[in-house]
Amino acid sequence: MKIDRGIEGRGTLRPDMAKDIWIGNVQSGMHDGAQVELKGWVKRTRGSNRIRFIVLRDSTGTIQCVAKKEELGDENFEQAASALIEASLIVKGTVNVDERAPGGHELVVSSVEVVGAVREDAPFPITESAMSAADGGETEFLLDNRHLYLRTGRMTTMLQIRSSVFGAIHSYFRDLDFVEYQAPCFVAGAVEGGSTLFEVPYFGRKVYLTQSWQLYAEAAMPALERLYTVAPSFRAEKSRTRRHLTEFWHAEMEIAWAGNNDVMAHGEGVVRHICKTLLEEREEELLSIDRDLDLIARYADNPYPRIRYDEAVETLQAMNVDIEWGQDLDYSKEKVLTADFDVPHFLTHYPKMAKPFYHRVDPDDEKYVLCHDLLAPEGYGEIIGGGERTWSEKEILQRIDEEGTPREPYQFYIDTRTYGGVPHGGFGLGVDRVCSWLSGADHIREVIPFPRDSRRVTP
Ligand code: ATP
Ligand code: MG
C-alpha cells in the first residue's frame, strides 16, 4: 500500500523539515536505485569497527541500513556507530534491491546524522528480553514504561488498528446522517447504578464522572432525532478483569421513532462495518499479530442471530451452569454461551428485575424489558448494551418510584417525556472491548495507549 501523506506543497511545515520519504514506500519498491534521505529511529544496531548494520524504523516500516567506514569516513562512521537503540537519525543513501534483506530492500548509507542521541548510561529500557518475558505486554515493568513501550511493533500495530476502529464508527454514523453530539463529563446522577460511580469534589458539593452519554442524548433526541458520540465513560470497577477499564471509550447512539429491533440493526451494522474497514485498511497489521482474517471476514459478512434471555438461560441450565431465571448474565455465563458462537449474537428480553428504570417494559409481557446485549464470540462476551427506552411520562415515573430512585436528579430526563415523548432507543458500544476482540488481545489494556484501572493511573 502506497503511503501518501501529502505533506509537500501544503505549506504546513517548514520546507526544510518536511519528511517525504517513508520507509514503507521504500520497502514497496517506490524508490529502487534512488538516492534518498530517511528519517527515523534505531530499532537495532550491530556491527564491527568497519561496518554497521542499523535497522531504522519509522511509522510505516523498517529497513536495514548498511554503513561502511570507507564510504562514510572516520568521523561520520563514529557518529553512526554511536547511535544506540531509539536514537533518532537522518540517514542518506541509495536504495538497493536485495532479496536477502528483510523486506527485500536495504539502504547503502552515504551519511548519518544523529538528531536525538540516546546516552550510553541510559539505554532504552524496553529490551527484547523484557518483551519476550512479558509475552503479550502484561508485566508491571512494561506498564510502568508504557510511554516508551508505545514505540514497539506490537503496540504500534494495536494503535493503528484502534484508529481504524474509531474511523469506522464515525463513518458508519455520519454516512447515515447521524449528528455527532457531546454530553458533559461532570454529572449529578447515575446511569449504570451507584456502585461504579466516581465521586468528584465540586466546589463544596459532590458530583460524579459520567458513566454514559445516554441521558443527555435523550434530551437532544427530539431536536436531532439521530445522534451519536465517541467519548470516554468512567466507571469505578473495583474488580480487575481483562475486560474492564475505569476510563473507557464509549460509542453511543440514540435514535427517535425506533424500537429495540431498529436499534439492534444499527448495532449489527456498525460492528460489521468496523470488521469490513479493518479488512480494507489493516490486513497487514492484523496478520503481523497472527489474527485470522477469515474470522474477521465471517463477522463482517454474516447476520447476527437474536436469542431471548429465556432461551439463553435454558441453554446454560442444560449445560449444568448454576443460574436462576431473573439473574443478570455475568461474564462467567457469557463466556460459556459465546464459546460455541461463530458470529456475535444478540441476547434480548431480559427480566425487568435485572435492568434499570430507563429500559422499556415489554407491552406484550410485563416480566421483560425491550433490551439487548451483543455478545462477541471467542469468549469475549458483551460488547454492546442497548434497547428501547421507557418513553411515556407515566411509565418512567412508575419505574423510577418502583426502583426507589430519587426523582430530583432525573427531572431533566423526566421532562423529555413530559413534553412530547416519542418511542426511541439507543446503545452503548465499548470501543476498547471491540478493539480487544478484533485484534485477538488477551487483555483490554493491550489496545489502549495509557490504560486506567483500579490500581494504575500512571504514567
Ligand atoms: P459489563 O456487564 O460487561 O461490565 P455493562 O453491562 O456494565 O458491562 P453497559 O452499561 O451496557 O455495560 O455499557 C455499554 C458497553 O460499554 C458494554 O457493552 C461494554 O462494551 C462497554 N463497557 C462497559 N463497562 C466497561 C468498562 N469498565 N471497561 C470497558 N468497557 C466497558
Ligand atoms: Mg450491559
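No lab work stands behind these numbers, since they all come straight from the coordinates. Model, not experiment: these values are computed from the prediction. Glycine also receives a Cβ, built like all others from the backbone with ideal geometry; neighbour counts cover every protein chain displayed.
Things to note:
- In degrees, nearest ten, helix 309-318 long axis to first principal axis of the chain (Cα): 80 degrees
- Across the range 351-459, the mean sequence separation of Cα contacts (distance under 8 Å, 6 or more residues apart), normalised by length, yields a relative contact order of 21 percent.
- Restricting the range 24-131 to GluC sites (Glu not before Pro) in coil, as DSSP defines it, with at most 16 other Cβ within 10 Å: GLU99, GLU120
- Over the range 195-341 - Rg/Rh using Cα atoms and the Kirkwood inverse-distance radius: 1.01
- Here the range 323-350 is scanned for amide nitrogen atoms under 16 Å from the site 7 Å beyond the Cα of ASP301 along Cα-to-Cβ, giving 342-344.
- Mean Cβ count within 10 Å, highest first, over the residues of peptides 25-33, 250-258: 250-258, 25-33
- When THR139, THR157, THR416 are sorted by how many other C-beta atoms sit within 10 angstrom of their C-beta, beginning with the fewest, the order is THR139, THR157, THR416.
- Restricting the range 283-362 to GluC sites (Glu not before Pro) that sit in a DSSP loop and have at most 12 other Cβ atoms within 10 Å of their own Cβ leaves GLU324.
- For the range 212-296, the fraction of alpha-carbon pairs lying more than 19 Å apart is 59 percent, rounded to a whole number.
- When the convex hull of its Cα atoms is projected in every direction, mean area for the chain (nm²): 27.0 nm²
- Residue order, fewest to most beta carbons within 10 Å, for ARG205, ARG226: ARG205, ARG226
- Put a dot 7 Å past the Cα of ARG242, heading toward its Cβ, do the same for SER59, and the two dots end up 3.1 nm apart.
- Summary value for the range 44-162: 19 percent relative contact order, contacts being C-alpha pairs under 8 angstrom separated by 6+ residues.
- Residue order, fewest to most beta carbons within 10 Å, for PHE53, PHE248: PHE53, PHE248
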